[in-house]
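In what follows, a single structure is set out as structure tokens and then discussed.
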Amino acid sequence: MAEELAPKPAHVPDELVRDVDIYDPAGWREVGDPLIVWKRIQDSHPPIFWTPRQGGHWIVTRFDDIQHVAATFADFSSRENFIPRGVTIPQMPMNLDPPEHTTIRRLLAPAVMPLRLRALQAQVRQWTIEAVEALRPKGECEFIVEFSSAIPVKAFLAMMGLPIDDHALLNQLGADITKINEPEVYRVAKAQLTDYIMGWIEAFRRNPGEGIISDAIHNEIDGRRLTDEEVENLCVMLLAAGIDTVKSAIVFMANLLAGSSAHRQQLLDDPSLIPNAVEETLRRYGSSNLARVVRHDLDYKDVTFLAGDMICLPYPLAGLDSAENDDPLAVDFTREKVRHLNFGAGPHLCIGQALARNEITTFTEEWLKRIPEFRIKPGTKMKAMTGLSNIPLELYLEWDPATTKAIAA
């Protein structure tokens, strides 16, 4: 059944109306890379425009505007983070604004303190080495299933204080709860994830331990402790927000290096470029397309917003803005000033961004040490989807085991 388009509100000028569906922007399936199509939208559409798709909403496409809307919570609230509105229940702290957001965020701070973070980063390196060494003699893999899915989920479980062996279950549930445009898949995954987390909340209430769940249960905020439902809500948000960005970035990096011997050789010749290569990959291959809701009537850059209007923030377009990055579709590991908003902006800036960067960097370092020559399997190409996030779905890699190096941890 065709989607029913929303009627144009009276305050939206005709010249700012464009037919863009963030879940299926025209032409992206043929191109294969959703961000090329998003870049075309950025270059051919007004910087701020309104679409009748998904209930009707605004889309901002330039770095400065995305950053402004994301950071200015007095005008643009996070109480609605997804297009279309009402598609999910409110999530903590994602759907809170300061000062409530600030209070909840303090509960997460211990998980990213230097001592805990260093210990977790050491585990990430060990898991990465073990995974690469297991794949190295095989000569091929479906990269997402066999490698990139596991490490971010294991890191999440470690931060939560949950069993690392549950990573396969959590990986599938984490992927499915991002599919809000597939209501039945989302519903089943959400129910299963709720049951899983609520079981652990009960266990941690009886026996406190380390990790975010126990911290959230036993620490007070504003003189009270969170309810079980609030702790569960917080955990679901962290799973959805903390895994896909990292997993996708690792896959995009692998796809880039497998398809470009020049970029791969550049990092082999000079590994000190890897941190900048990670930033450049995050910039070129951004992920989340989140939203805000207008708090009150206001004018911004000659556009009138009314209270309740929804605004989509395609964060990847910030990094593809030519005003911020020259030749933005090109990947340049020596780019001196890499500008992107892949971890958000303002009070909702990702609290786990240091760990995310570490995971991507560690993959690149340890994979290239052991499998310096690899390629996309002939006859295949990376499959991806777009929507709330730009997510790789499938990537087949291959290499000659004779060119690999066994390196002990």
I'd like to verify a number: residues in region 142-157 that are out of contact with any Asp or Glu (no Cβ under 8 Å at 6 or more places or on another chain) and either assigned to a strand (DSSP E or B) or modelled with pLDDT under 95 (or both), how many? 9
Out of all the residues in region 384-408, which are within 16 Å of LEU257 (Cα to Cα) and under 27 Å from the mean Cα position of the chain (by Cα)? PRO392, GLU394, LEU395, TYR396, LEU397, GLU398
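Table: residues versus (1) more than 24 Å from VAL124 (Cα to Cα); (2) assigned to a loop (DSSP other than H, G, I, E, B).
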position	(1), (2)
ILE311	yes, no
SER322	yes, yes
ASN325	yes, yes
GLU336	yes, yes
ARG357	no, no
ILE360	no, no
GLU365	no, no
LYS381	yes, yes
ALA408	no, yes
GLU210 fails exactly one of (1) among the acidic types (Asp, Glu); (2) assigned to a helix (DSSP H, G or I); (3) surrounded by fewer than 17 Cβ atoms within 10 Å (Cβ to Cβ), namely (2)
Could you tell me whether region 67-79 includes any residue that is under 28 Å from LYS179 (Cβ atoms), in contact with a strand residue (DSSP E or B) (Cβ under 7 Å, 6 or more places away or on another chain) and part of a strand (DSSP E or B)? yes
Per the list (1) in contact with a Leu (Cβ under 6 Å, 6 or more places away or on another chain); (2) surrounded by fewer than 21 Cβ atoms within 10 Å (Cβ to Cβ), residue check on LEU290 breaks on (2)
Filtering region 75-125 down to residues that are of a type in the set (Gly, Ala, Ser) and without any contact (Cβ under 8 Å) to a residue 12 or more places away in the chain, which residue is nearest to GLY308 (Cα to Cα)? GLY86
Criterion first (closer than 24 Å to ARG225 by Cα, part of a helix (DSSP H, G or I) and of a type in the set (D, E, K, R)) does ARG205 satisfy it? yes
Exactly one of these conditions fails for VAL231: (1) surrounded by fewer than 22 Cβ atoms within 10 Å (Cβ to Cβ); (2) over 23 Å from GLU359 (Cβ atoms). Give me its number. (1)
Could you please tell me which pairs satisfy a Cβ distance under 8 Å, a separation of 6+ or placement on different chains, a first residue in region 303-329 that is among the basic types (Lys, Arg) and crowded, with 22+ Cβ neighbours inside 10 Å, and a second residue that is part of a loop (DSSP other than H, G, I, E, B) and at pLDDT below 95? none
Residue list for region 230-274, restricted to those being of a type in the set (D, E, K, R) and modelled with pLDDT of 95 or more: ARG264, ASP269, ASP270
When you go through ALA111, ALA134 one by one, which is the residue that is crowded, with 20+ Cβ neighbours inside 10 Å and either assigned to a helix (DSSP H, G or I) or among the polar types (S, T, N, Q) (or both)? ALA111
So in region 33-74, with the set limited to residues that are of a type in the set (Phe, Trp, Tyr) and under 12 Å from ILE311 (Cα atoms), which one is nearest to the chain's Cα centre (by Cα)? TRP58
Candidate set from region 142-163 (those that are over 18 Å from the mean Cα position of the chain (by Cα) and within 17 Å of GLY199 (Cβ to Cβ)); member that is surrounded by the fewest Cβ atoms within 10 Å (Cβ to Cβ): PRO163
Filter result (under 15 Å from GLY387 (Cα atoms) and either at pLDDT below 95 or among the aromatic types (Phe, Trp, Tyr) (or both)) within region 59-83: ASN81, PHE82, ILE83
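The values are calculated or read from the model by the stated rules, or taken from the named source; none is laboratory data. Being a predicted model, the structure only gives us computed values, none of them experimental. Ideal geometry is used to build each Cβ from the backbone, glycine not excepted, and the neighbour counts take in all protein chains shown.
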